[in-house]
Amino acid sequence: MRANIGAFGGDASNVTLFGQSGGGGKISALLAMPAGKGLFQKAIIQSGSDPRVRTFEESMAARATVLANAGLAPADIIKLRDMPLDALIALFAKSGILSFGPVVEGKLLPTHPADPVASSVSEDVALMVGHTRDEATAVLAADPGWLATDDAKLTAMAAMLMGPANAAEGVALYRTRAIEEKPPHLLASIMTDKMFAHTAQVLATRKADQRAPVYFYRVDWRTPVAGGILRSPHGVEISFVFGNVGRAGEMTGTGTSQQHMSDLMQRSWGAFARTGNPNVAGLPHWPRYDRVRRATLIFDDTPSVVVDPDATIRRFWDRASGLSSEAK
């Protein structure tokens with residue numbers, strides 16, 4: 001990358017890496033990889049924050065599951081190379097696709113990205129990190145029964161996501177936050193915070209304890225597609241950042257609002273890549289994130305900055321997940 005970036009008009013001494021979803025998870029891991037130290041100066045993680053990755057033991061357990069499902073002994077692992085692609089995809093899906101990812105193995109990745117603290121490897125790397133408000137609607141919409149979610153299903157799913165001991169308290173907190181909300185979107189909010197929002201808050205807080213700046217955002221802009229049921233789903237910001245809303249009508253629709261969001265986000269991402277500061281005209285002043293104020297830029301038609309949004313929910317997930325966004 002550094003050897004060739006000049007050919008594309010880039011500056012090898014001023015590199016920004018960014019990724020969304022699984023790409024964000026990869027950026028998280030790179031923040032803790034000694035081999036990458038000094039190769040990039042800034043990073044952006046969109047809806048894929050991983051303060052903690054897999055342990056060696058978890059990786060070996062995942063391998064054992066794959067081999068068992070394939071009917072192979074450990075000595076025969078090389079035979080996976082001979083499996084047809086469709087069979088291999090089905091095998092890994094059956095084995096749990098989220099079981100796979102970077103592993104703390106002691107050399108290439110000696111520590112978790114930010115557990116119990118942020119890796120010192122990237123202490124000088126500026127970070128922008130965030131998520132969309134309704135990430136999980138994009139996942140749940142694939143379930144034909146999602147919109148029929150009732151209280152019983154909500155309770156059962158909450159127990160799976162939060163743990164049985166936390167479910168009653170958790171559901172009550174979400175109902176209190178949005179008293180008119182129905183079970184389908186309450187479930188989406190719970191899943192969003194479990195999988196995306198809280199991990200981003202943890203990583204951002206721990207990274208902000210270092211000297212490089214951290215900026216935190218949330219996308220609240222709602223897409224009108226599918227009758228509006230998706231709200232602010234996983235991936236809704238991608239076409240805004242890349243400036244191709246005209247090709248993303250099935251996700252965002254098209255219009256002046258979409259172009260406005262694209263203009264704001266492209267300019268902000270670009271400013272951060274150039275200078276490490278995402279503040280641009282059209283946005284309110286976006287302060288650095290810290291564990292005291294937790295200033296969060298809300299991307300919407302009228303952007304705003306909110307101090308520690310949904311603090312009660314954040315503290316609940318600190319307890320329920322075992323990953324604290326407060327304790328040093």
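Observations, loosely collected:
- Per the conditions (1) surrounded by 14 or more Cβ atoms within 10 Å (Cβ to Cβ); (2) at positive phi, the sole criterion not satisfied by GLY9 is (1).
- The criterion of being in contact with a Ser or Thr (Cβ under 9 Å, 6 or more places away or on another chain) and surrounded by 13 or more Cβ atoms within 10 Å (Cβ to Cβ) holds for GLY24.
- Subset tally (residues that are assigned to a loop (DSSP other than H, G, I, E, B) and closer than 15 Å to ALA43 by Cβ) for region 267-287: 3
- Taking each residue of region 238-255 that is closer than 19 Å to SER21 by Cβ and hydroxyl-bearing (Ser, Thr, Tyr) and looking for partners that are modelled with pLDDT under 95 and not in a helix (DSSP H, G or I) with beta-carbon atoms closer than 8 Å, six or more apart or interchain, yields SER239/ALA248.
- Residues of region 214-229 classified as assigned to a loop (DSSP other than H, G, I, E, B) and either among the aromatic types (Phe, Trp, Tyr) or surrounded by fewer than 21 Cβ atoms within 10 Å (Cβ to Cβ) (or both), total: 5
- Some residue of region 133-144 being farther than 27 Å from GLY322 by Cα and touching a residue at least 40 places away in the same chain (Cβ under 8 Å): yes
- Positions within region 66-80 being loosely packed, with under 14 Cβ neighbours inside 10 Å, closer than 20 Å to ILE97 by Cβ and of a type outside the set (A, V, I, L, M), in sequence order: GLY71
- Candidates ASP82, ASP11: the one that is charged (D, E, K, R) and within 30 Å of ALA271 (Cα to Cα) is ASP11.
- Summed over region 29-74, the residues that are under 27 Å from TYR289 (Cα atoms) and of a type in the set (Ser, Thr, Tyr) give a count of 2.
- Residue, surrounded by the fewest Cβ atoms within 10 Å (Cβ to Cβ), within region 240-253, restricted to residues that are closer than 19 Å to LEU283 by Cα and in contact with a Ser or Thr (Cβ under 6 Å, 6 or more places away or on another chain): GLY243
- Residue check for VAL121: in contact (Cβ under 8 Å) with a residue 24 or more places away in the chain, touching a strand residue (DSSP E or B) at 6+ places or on another chain (Cβ under 6 Å) and crowded, with 20+ Cβ neighbours inside 10 Å: no
- Any hit, region 28-43, residues being under 13 Å from the mean Cα position of the chain (by Cα), within 22 Å of SER268 (Cβ to Cβ), of a type in the set (Phe, Trp, Tyr) and surrounded by 14 or more Cβ atoms within 10 Å (Cβ to Cβ): no
- Considering region 262-299, the residues that are aliphatic (A, V, I, L, M) and without any contact (Cβ under 8 Å) to a residue 60 or more places away in the chain include one that is surrounded by the most Cβ atoms within 10 Å (Cβ to Cβ), namely MET265.
- Scope region 94-115; condition modelled with pLDDT under 90 and part of a helix (DSSP H, G or I); matching residues: ILE97, LEU98, SER99
Here is a yes/no grid of residues against (1) hydroxyl-bearing (Ser, Thr, Tyr); (2) in contact with an Asp or Glu (Cβ under 8 Å, 6 or more places away or on another chain); (3) part of a helix (DSSP H, G or I); (4) surrounded by 22 or more Cβ atoms within 10 Å (Cβ to Cβ):
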{"position": "HIS131", "(1), (2), (3), (4)": "no, no, no, yes"}
{"position": "ASP134", "(1), (2), (3), (4)": "no, no, no, yes"}
{"position": "VAL139", "(1), (2), (3), (4)": "no, no, yes, no"}
{"position": "ALA142", "(1), (2), (3), (4)": "no, no, no, no"}
{"position": "MET157", "(1), (2), (3), (4)": "no, no, yes, no"}
{"position": "ASN166", "(1), (2), (3), (4)": "no, no, yes, no"}
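- Filter result for SER232 (in a loop (DSSP other than H, G, I, E, B) and among the hydroxyl-bearing types (Ser, Thr, Tyr)): yes
- The residues of region 193-213 that are among the small types (Gly, Ala, Ser), farther than 24 Å from GLY170 by Cα and assigned to a helix (DSSP H, G or I) amount to a single one, ALA208.
- Within region 236-256, considering residues that are assigned to a loop (DSSP other than H, G, I, E, B) and under 20 Å from TYR217 (Cα atoms), the one farthest from the chain's Cα centre (by Cα): GLY243
- Within region 50-93, the set of residues being of a type outside the set (Ser, Thr, Tyr), in contact (Cβ under 8 Å) with a residue 40 or more places away in the chain and assigned to a helix (DSSP H, G or I) comprises PHE56, GLU58.
The values are calculated or read from the model by the stated rules, or taken from the named source; none is laboratory data. Bear in mind that the values here come from a model prediction, so they are computed numbers and not experimental data. FYI the Cβ positions are ideal-geometry reconstructions off the backbone, even for glycines, and counts take in every protein chain you see.
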